[in-house]
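**Q** Sharing a structure below in structure tokens format, with a few things to ask.
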Amino acid sequence: MKRVFSGARPTARQHIGNLLGAINNYVKLQKEYSCIYCIVDIHALTTLQETDKIQGYIRDLALDWLAAGIDPQETIVFVQSDVPEVTELHTYLSMVTPLSWLLRVPTFKEKAKAQPDNVNYGLVGYPVLQTADIVLYKAEVVPVGEDQLPHLELAREITRRFNTLFGETFPEPKAKLTEFPLIPSLSGKSKMSKSEEGSAIDIAHTAEETTARIMTAVTDPARKFRKDPGHPEVCNIHTLHKYFTPAEVEEIGKECRVAGIGCVDCKKLLARNMNEALASLRERRAALAENPNYIKEVLADGAARARVIARETIREVKQKMGLL
Ligand code: SF4
């Protein structure tokens, strides 16, 4: 089976947008590929200021993945910094990566703008570390959304350059283009995000917390009163019904347009269906959380398996670069 690599930054708890997009996709990929899923804690440091929370986020992320169906027997699940070879490879790859390639990356420009007081080297070198993450394990396939394609293209360019200079070493990673559904924020602004306070429903939320978040979510701003007709196409609750009430979503839309259903009832229906859909995952998550040693063991075992591959790659890279 071809090898897949993907990673997620432990910068907050995962929300249902992450579940419907990345995590469910990770679970499916296990059937066709040999998968490596990494909790990329070093990447988190480029933007995360409160590093005392990072261990909690790592644990939460591992719990979400395992409860959702990632099988640690088949799949390697580990924490990036537990395999320090990745930083070594990052250094070697940085020697073949022109600075001009990195400075033109749109996300670097965005992040530099967003945190002008902390434009650190890690921000500009982020794509090199990302390339090291992938090629350290000689992964051939990387699941990405359309917006991440430029990053993968840069990883491919760095890989090609290394292979040209030092001989065929790494497979050029290919994108597995994945449609990540756009899950809207509960605030009505943009998409559900870890960074916008109150915009998300976390996987780890209780049913009561989920209901409370839904009941206070912003809906169609034109529906000030119960009798006002609504516009489901601009309502985040309606978008969420597509995933959690698929059989009735059209009918809900029609009823909304003629004020046949009120927002309170519409939200109650969503809360009930979402809580039902997430109930078994949340039960598994709670059961796993009762045994913190199990998560530690899974991550330690994943790191040990990843390191076997990583050491072999580093040995080959050093040999090709004349360092052995
Ligand atoms: S009835 Fe439902 S779909 Fe229509 S505006 Fe209210 S919450 Fe949104």
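**Q** Please arrange V249, V4 by accessible surface area, largest first, computed with a 1.4 Å probe and ligands excluded.
**A** Largest accessible area first, the residues go V249, V4.
**Q** If I model a spin label at L99 and K174 as a point 7 Å from the Cα along the Cα→Cβ vector, what separation in nanometres do I get?
**A** Inter-label distance under the simple model: 3.6 nm.
**Q** Between the DSSP loop rule and a limit of at most 11 other Cβ atoms within 10 Å, which trypsin sites (Lys or Arg not before Pro) in region 213-311 are left? Each step should come with its number before you reach the end.
**A** On the way: sites: R213, R223, K224, R226, K227, K242, K254, R257, K267, K268, R272, R282, R284, R285, K296, R305, R307, R311; in loops: R223, K224, R226, K227.
Taking region 213-311 and a limit of 11 other Cβ atoms within 10 Å, the loop trypsin sites (Lys or Arg not before Pro) found are K224, R226, K227.
**Q** Sticking with this structure for a sec: Rounded, prolate or oblate: which one fits region 1-95, using the alpha carbon gyration tensor with axes a ≥ b ≥ c (rounded when a/c is under 1.5, else prolate when a/b beats b/c, else oblate)? Spell out each step's value before the answer.
**A** Working: a/c = 2.04, a/b = 1.16, b/c = 1.76.
Note, shape of region 1-95 comes out oblate.
**Q** Based on alpha-carbon centroids, what's the gap between region 283-321 and region 122-161 in Å, whole number please?
**A** 20
**Q** Could you give the spread of the C-alpha atoms of region 39-172 along their three principal axes, from largest to smallest, in whole angstroms?
**A** Each principal axis gives a Cα extent; for region 39-172 these are 42, 40, 29 Å.
**Q** Using a Förster distance of 22 angstrom, determine the FRET efficiency expected from the C-beta separation of K224 and E276, and round it to 0.05.
**A** 0.10
**Q** Quick one: if the Förster radius is 22 Å, what FRET efficiency do E209 and A289 give, using the C-beta to C-beta distance and rounding to 0.05? List each step's numbers first, then the result.
**A** Numbers: r = 16 Å, r/R0 = 0.71.
After rounding, the FRET efficiency stands at 0.90.
**Q** Counting Lys and Arg as +1 and Asp and Glu as -1, each charge on the Cβ, what is the dipole of the chain about the Cα centre in debye, to the nearest 20?
**A** Result for the chain is approximately 440 debye, rounded to the nearest 20.
**Q** While we're looking at this one, here's another question. Which sequence of I76, I42 reflects their accessible areas, 1.4 Å probe, from the largest down?
**A** I42, I76
**Q** Listed here are the pairs K28/K113; K174/K320; K191/K267; which of them are more than 30 Å apart at the Cα?
**A** Details: K28/K113 36 Å; K174/K320 23 Å; K191/K267 18 Å.
Over 30 Å Cα-Cα: K28/K113.
**Q** Using a 1.4 angstrom probe and counting only protein chains, how large is the accessible area of D202 in Å², to 10?
**A** Here the residue's solvent-accessible area equals roughly 20 Å².
**Q** To continue, here is another question. With a 1.4 Å probe and all protein chains in place, put Y243, Y57 in order of accessible area, largest first. List each step's numbers first, then the result.
**A** Details: Y243 90, Y57 45 Å².
The residues order as Y243, Y57, largest area first.
**Q** In region 204-239, whose amide N lies under 17 Å from the spot 7 Å out along Cα-to-Cβ of N24? List them in ranges.
**A** The answer is 204, 237-239, whose backbone nitrogens lie closer than 17 Å to the label point.
**Q** Another question, if that's okay. At most 15 other Cβ atoms within 10 Å plus a DSSP loop assignment makes a site exposed; report the longest stretch of the chain without any exposed GluC sites (Glu not before Pro).
**A** Between exposed loop sites, the widest span is 75-167.
The values are calculated or read from the model by the stated rules, or taken from the named source; none is laboratory data. This is a predicted model, so every value here is computed, not measured. Heads up, the Cβs are rebuilt from the backbone with ideal geometry, glycines too, and the neighbour counts pull from every protein chain shown. Note: accessible area is taken over every heavy atom of the protein model, side chains too, but ligands, DNA and RNA are not part of it. Shrake-Rupley method; radii C 1.70, N 1.55, O 1.52, S 1.80 Å.
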